[in-house]
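Right, one structure below, let's go through it.
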Amino acid sequence: MAALSAPRRAATGWSRLAQSNPAAGVVDTLLRGIGQVMFQNNPLTGLLFLAGIFVNSAKFGGSALLGLAASTLAAYVLGADRALIRAGLFGFNGVLVGIALAFFLEFDLLLAVYIVLGAAVSTVVMMALINLLSPWDMPALTAPFVLTTWLLVAAVYQFSNVRPGELIVPLPLDPQASIQTELRELATAAAGLSAGNLVHALFRGIGEVMFQDNLWTGVIFLVAILVNSRISAAFAVLGSAAGLLTALAVGADGIAVFHGLYGFNAVLTAIALGGLFFVLTWRSAVYALVAAVFTTLAFAGIAVLLSPVGLPALTAPFVLVTWLFLLPKRGFRALEPVPVADVTTAERIRAAHPGKGGSPRAAPEHRG
Amino acid sequence: MAALSAPRRAATGWSRLAQSNPAAGVVDTLLRGIGQVMFQNNPLTGLLFLAGIFVNSAKFGGSALLGLAASTLAAYVLGADRALIRAGLFGFNGVLVGIALAFFLEFDLLLAVYIVLGAAVSTVVMMALINLLSPWDMPALTAPFVLTTWLLVAAVYQFSNVRPGELIVPLPLDPQASIQTELRELATAAAGLSAGNLVHALFRGIGEVMFQDNLWTGVIFLVAILVNSRISAAFAVLGSAAGLLTALAVGADGIAVFHGLYGFNAVLTAIALGGLFFVLTWRSAVYALVAAVFTTLAFAGIAVLLSPVGLPALTAPFVLVTWLFLLPKRGFRALEPVPVADVTTAERIRAAHPGKGGSPRAAPEHRG
Amino acid sequence: MAALSAPRRAATGWSRLAQSNPAAGVVDTLLRGIGQVMFQNNPLTGLLFLAGIFVNSAKFGGSALLGLAASTLAAYVLGADRALIRAGLFGFNGVLVGIALAFFLEFDLLLAVYIVLGAAVSTVVMMALINLLSPWDMPALTAPFVLTTWLLVAAVYQFSNVRPGELIVPLPLDPQASIQTELRELATAAAGLSAGNLVHALFRGIGEVMFQDNLWTGVIFLVAILVNSRISAAFAVLGSAAGLLTALAVGADGIAVFHGLYGFNAVLTAIALGGLFFVLTWRSAVYALVAAVFTTLAFAGIAVLLSPVGLPALTAPFVLVTWLFLLPKRGFRALEPVPVADVTTAERIRAAHPGKGGSPRAAPEHRG
């Protein structure tokens, strides 16, 4: 606990500084934008996420910052709600657009222009979706990133000045093709269900949320979440594990599993439904894990649907499944939905809803 | 008429039993779930549908029951509205998910788990769509089935423990390919516009609503609808005929036509728009048949769009076209839409709306 | 100015005649339907559009008229709002369906039936989208045309009596394929960034809104818009230029650029956002041009997504991007959205909103 309280004290001090000093306020906004990639409205989480990216790749760290700056600046210039900007809601899609375009396209000067335009457009799409989804009080999630990136990546097939990288490969589909299911790294032959390979798959699944195929980045990302919420950190691990185990059960490609590709969408679904958009209870926890399992299957399905055009699934499986599992809202009496404006941390939400999801200790005070 | 009143007396007796006896209530709920595949909230219709499936295939009958049980149980566990559950609204998508997964995937123990998960998720998607569509008072139709099945079937390309069956075949498209238009069975060479071939196409079109490529299943399905509503039965036949004739007119593949593949979506569109979601009048009947014709063309179009990934169109053409033709609602003064909560049988709806769609005999009482 | 006032006097006279004489009213309705393809509710604009089509091709002119008549007649028969019909809102999708089916399919007697059915269905889809989008007060744009045409064109792969033309070509995608970027006509070798080639690309981009790959048609279309609104005419040119320059910057196929294929979607986006759905200000003008640039990239992306099935992008890039850029509405304080019912001409909208977008001359009166 002492390890956690130190960052918390620092956070309080920083929060005061960010309120009074405009430059610190901008830094705070940008860091929260990175933290929001995994629903963590916390500048320290954002800082650690950024560190985790740079540990793996300076190129992706720079692309993330470029996208972050462009999407946040676009929100200021267009006059979006300041409270939403300050919470980092116009940053996380820009971060992902920046990394994704650098990940899938060839490095080039024009790529920087492409990232700036894509990140700025992600802010427009974010506001479009906020308005579109408001009748149901539903969050836009990373849909702006997915939509913008799909269009911009597909487009480069037709361009000679912005070029696709080696990962853009349209594949003819063969349902009868054999799948190699041995859990192993692409580069090595050390295959099998070893503890080491499982640990890699588990943490890389968390790292892959931001395209970082790196064990230590995954560990740093987990610490970053832990700084803000133990429940969200737990569901990040549970989500990655759910993805990993589901993929092993159905016999998915073991190399993809090792590198966390079956985990990152399940991580996001588990965090979102595990105590954030529904109050955490045993029932909602099981519901979140079933959603994480289905997200893993949906990832395979969406990857197949996109295969003829060589596009990546990105976080579309997470967005689709989380929307589908969240839309029932009060239609399922076993679950208590949280209004989007009230989503803070899973801990605070649980404390504020003692009737169903609160801890036994807190409940008597509210009832008495 | 005497043939119809016997089932009706039995229905009344059963209805009382289902209210008082919990076990009978569960059976009643499940049977209505099967009946709702074609909008018939009637346990006898459901029983006959089930009989029709088993006449063709015990495997599909079992899969249908497994999906039905899983989707209905999920609705109970999650706390969905009891009245909706009792009307079978959380059963019909599960039935279709169960049959479809058994139809397109290889038989296997893991397939049973896959069906249970898919059917349970179809209940989540159903409640999601009920909430999503409520601002327009629109029905979810079989969209939960289509969406869930597409994702789960596409996914198995990537799995070695759940395998695609022989019907999952991605096809390279060739717009200049010649089409064989002779109306005939796959296995035989007895081709041509014979009465026998037309009868096969007509009834198999009704059977194919639940993937049953069988003349007698189609006949039993028609009797099952007739037990509940003569108007719906008539539109089932009219829809199948509209699909059949449209397909012959444009020169579609005659083998597909013989086996009812151009009929089943048109059957559903015709039943839905023929007196259920619009009050039956001459105008709405013509509107429903135009929609059935367009459904047939949309079936061909959606099949082509899905061809590169080898996925079946399922009932997506019906869902899309029925939504498009129903969404205008009061925007077209020639049609009188029925609130979704008031949809019972076409006969009762017509009797309740004498001003436009009622029989001439009933009208004076209301005007006088 | 004298050249402009003559048509205006004629317009006033015609307007009176159209009110009093039923036959003239029908002609007025039909001509406005053609004008609405580019948001111009003006019969003279419609007449000039029609002339521009016939200058290029009598076949497409005839197809446009057939689609126009079928979609407008369907709206009358179904009892759509008379004011909407009179404004041509049930005509423009029919015009585009008619031309597109004649453009992509082989000429045939059955094609006429296909056009009549497709255009009539576009009216149903139009009313469906009007209702669907009404909670956000969003326009349907040309989505009914795109959706109906995609289904009907894809379907003909499966038909032997309605056949695809030579432009329906599914292409295997190769991200590493080299792109020829020389700006030139398909038939000639006179390549390069010459003034002549740029002028062709600029005007053909306007002509291609209605599939007319013809310099003079583009010029006539521009005059047609100018007759109704100088601002819309300016944004048509700016949109085509934005598309052209963006395509040149990213290195798109120079033959496609020459023939205006990178221009027509940007033209529509620029007209829509340039003073019609947002009050014209410097900020909204820049916003509209950024949207036009992104539309151009989205065109390339959507074309790639549709490439495996050989379908054209049509105006889907315009519809998608305009929806995304319009949906933020009041979420961006830098922009002032115009209620859909108040959309007339950019000039009148600007005059009615002096606070933000009005001319400096008008502003003092309101402030004083």
Residue list for region B:43-88, filter: within 14 Å of chain A (Cβ to nearest Cβ) and open to solvent by 60 Å² or more (accessible area, probe 1.4 Å)
B:73, B:76, B:77, B:81, B:82, B:83
May I ask you to verify whether residue C:112 is within 14 Å of chain B (Cβ to nearest Cβ), farther than 23 Å from residue C:324 by Cα and surrounded by fewer than 24 Cβ atoms within 10 Å (Cβ to Cβ)?
yes
Would you check if residue C:220 is open to solvent by less than 50 Å² (accessible area, probe 1.4 Å) and modelled with pLDDT under 95?
no
Quick one: which of B:324, B:306, B:289, B:311 is facing chain C (nearest Cβ under 7 Å) and among the hydrophobic types (A, V, I, L, M, F, W, C)?
B:324
Return yes or no: is residue A:179 within 22 Å of residue A:326 (Cβ to Cβ) and within 7 Å of another protein chain (Cβ to nearest Cβ)?
no
Would you check if residue C:44 is in contact (Cβ under 8 Å) with a residue 60 or more places away in the chain and under 14 Å from the mean Cα position of the chain (by Cα)?
no
Among the residues in region C:122-133, are any more than 21 Å from residue C:77 (Cβ to Cβ) and either within 12 Å of chain B (Cβ to nearest Cβ) or open to solvent by 10 Å² or more (accessible area, probe 1.4 Å) (or both)?
yes
Evaluate the following for residue C:244: is it crowded, with 22+ Cβ neighbours inside 10 Å, assigned to a helix (DSSP H, G or I) and not small (Gly, Ala, Ser)?
yes
Any hit, region B:92-101, residues being within 16 Å of the chain's Cα centre (by Cα) and either open to solvent by 50 Å² or more (accessible area, probe 1.4 Å) or closer than 23 Å to residue A:257 by Cα (or both)
no
Which one of these does residue B:131 not meet: (1) in contact (Cβ under 8 Å) with a residue 12 or more places away in the chain; (2) in contact with a Leu (Cβ under 6 Å, 6 or more places away or on another chain)?
(1)
Among the residues of region C:1-45, write down those that are polar (S, T, N, Q) and at pLDDT 95 or above.
C:29, C:36, C:40, C:41, C:42, C:45
Given (1) more than 13 Å from chain A (Cβ to nearest Cβ); (2) open to solvent by less than 40 Å² (accessible area, probe 1.4 Å), identify the lone condition not met by residue B:104.
(1)
Selected residue (only one of C:29, C:72, C:12 is polar (S, T, N, Q), part of a helix (DSSP H, G or I) and either touching a His at 6+ places or on another chain (Cβ under 6 Å) or free of Cβ contacts under 8 Å to residues at least 12 places away in the same chain (or both))
C:12
Within region A:134-167, track down each residue that is at the interface with chain C (Cβ under 7 Å from one of its Cβ atoms), touching a strand residue (DSSP E or B) at 6+ places or on another chain (Cβ under 8 Å) and open to solvent by less than 10 Å² (accessible area, probe 1.4 Å).
A:162, A:164
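So that you can scan it fast, the table gives a plain yes or no per residue for (1) surrounded by 13 or more Cβ atoms within 10 Å (Cβ to Cβ); (2) in contact with a strand residue (DSSP E or B) (Cβ under 7 Å, 6 or more places away or on another chain); (3) assigned to a loop (DSSP other than H, G, I, E, B):
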| position | (1), (2), (3) |
| --- | --- |
| A:169 | yes, no, yes |
| A:172 | no, no, yes |
| A:177 | no, no, yes |
| A:181 | yes, no, yes |
| A:184 | yes, no, yes |
| A:200 | yes, no, no |
| A:207 | yes, no, no |
On the given criteria, is residue C:185 in contact with a Phe, Trp or Tyr (Cβ under 6 Å, 6 or more places away or on another chain) and away from chain A (no Cβ under 14 Å)?
yes
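The values are calculated or read from the model by the stated rules, or taken from the named source; none is laboratory data. The structure displayed is predicted, hence computed values, not measured ones. Positions of Cβ are generated from backbone atoms using ideal geometry, with glycine treated the same way; all protein chains shown enter the neighbour counts. Remember, those area values only see protein heavy atoms, side chains included, never the ligands or the DNA or RNA. Shrake-Rupley method; radii C 1.70, N 1.55, O 1.52, S 1.80 Å.
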